[in-house]
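The values are calculated or read from the model by the stated rules, or taken from the named source; none is laboratory data. Predicted model only: the values in this text are computed from it and were never measured. In this analysis, Cβ positions are derived from the backbone assuming ideal geometry, glycine residues included, and neighbour counts consider all displayed protein chains.
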């Protein structure tokens, strides 16, 4: 070995392009590092003391020159990554760059994401900017990260959403409200008031409470009046209830028999106040069940919507 080295006959480096043209079979797109080493045994007469290091350096050079990528089973190394430890066993693999692209191990440039250093990219998906059509935005004036608008609309006052149906059948009232919601797209609900005009209407609230999301407060205004058929001396009787949904059942049932026995008319106003920031869609199930009732209602809703 010393004599060969002294005569300059020891090859200490073999460029990857040359090695690929001599040792790599043209039909192969990927192979283990051990098989690549065996090809060297067949094609290059290298003294044993230097053989392994020459092969390892050739592999490093091939990665750097973007001929192939080196996969050690845990990580795929590309041209702009430092490859210090190279093993030559069945567990490591060389994959030609075009094949690595087909396998989605690298991007179209033969690299990984410059931000997260992975491929496929593991960064959070960025919204496409409506101005530059890129994600993430490459405009000089960036989109607001909160509202995703340019210019920023965060400080714009939110608009008020108001709806009053007027007296009518439940299915018609819900239909009107749904059309208004579709048109103006409110996203926050503050208050909803439902007015019923009969005892049965008030009774329906008990069943509907099952589908009612938690509210900040519930207020019931019960206005009882003498009917034209009633012999009662009562001309007007007004009650207000504020409390939990569970207590409403007992409250109303105790009043119901009184109203019916005296043949009184009643108008029942149920007001629901929601906590700050509650999404409008929280009442969807409530409205779906409300429209199945045959009594008449009047619905009033107050909420917020984004500025146009």
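Within the stretch 86-119, no residue satisfies the criterion of being within 20 Å of residue 67 (Cα to Cα) and within 21 Å of the chain's Cα centre (by Cα).
Every residue, every condition in (1) within 55 Å of the chain's Cα centre (by Cα); (2) within 13 Å of residue 87 (Cα to Cα); (3) modelled with pLDDT of 90 or more, yes or no:
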site: 11; (1), (2), (3): no, no, no
site: 18; (1), (2), (3): yes, no, no
site: 27; (1), (2), (3): yes, no, yes
site: 31; (1), (2), (3): yes, no, yes
site: 52; (1), (2), (3): yes, yes, no
site: 58; (1), (2), (3): yes, yes, yes
site: 68; (1), (2), (3): yes, no, yes
site: 71; (1), (2), (3): yes, yes, yes
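Could you tell me whether the stretch 280-299 includes any residue that is in the same structural domain as residue 177 (by TED's automatic domain parsing), at positive phi and surrounded by fewer than 17 Cβ atoms within 10 Å (Cβ to Cβ)?
no
Answer with yes or no whether residue 61 is under 25 Å from residue 119 (Cβ atoms), out of contact with any strand residue (DSSP E or B) (no Cβ under 9 Å at 6 or more places or on another chain) and assigned to a helix (DSSP H, G or I). Judged against the criteria, residue 61 is a match. Mind checking whether some residue in the stretch 196-207 is touching a helix residue (DSSP H, G or I) at 6+ places or on another chain (Cβ under 8 Å) and either at pLDDT 90 or above or not assigned by TED's automatic domain parsing to the domain that holds residue 247 (or both)? Yes, the stretch 196-207 contains a residue that is touching a helix residue (DSSP H, G or I) at 6+ places or on another chain (Cβ under 8 Å) and either at pLDDT 90 or above or not assigned by TED's automatic domain parsing to the domain that holds residue 247 (or both).
Answer yes if at least one residue in the stretch 36-47 is within 27 Å of residue 109 (Cβ to Cβ), at pLDDT 85 or above and touching a strand residue (DSSP E or B) at 6+ places or on another chain (Cβ under 7 Å), and no otherwise. Yes, some residue in the stretch 36-47 is within 27 Å of residue 109 (Cβ to Cβ), at pLDDT 85 or above and touching a strand residue (DSSP E or B) at 6+ places or on another chain (Cβ under 7 Å). For residue 242, the requirement of being modelled with pLDDT of 80 or more, surrounded by 19 or more Cβ atoms within 10 Å (Cβ to Cβ), within 41 Å of the chain's Cα centre (by Cα) and farther than 30 Å from residue 157 by Cα is not met. Of all the numbered requirements in (1) at pLDDT below 90; (2) exposed (fewer than 12 other Cβ atoms within 10 Å of the Cβ), residue 104 misses one, and that requirement is (1). Would you call residue 258 in contact (Cβ under 8 Å) with a residue 40 or more places away in the chain and assigned to a helix (DSSP H, G or I)? In short, no. When residue 226 is tested against (1) touching a helix residue (DSSP H, G or I) at 6+ places or on another chain (Cβ under 7 Å); (2) buried (at least 17 other Cβ atoms within 10 Å of the Cβ); (3) at pLDDT below 85, exactly one condition is not met: (1). Selection over the stretch 64-75 of residues that are within 11 Å of residue 97 (Cβ to Cβ) and not in a loop (DSSP other than H, G, I, E, B) gives a count of 2.
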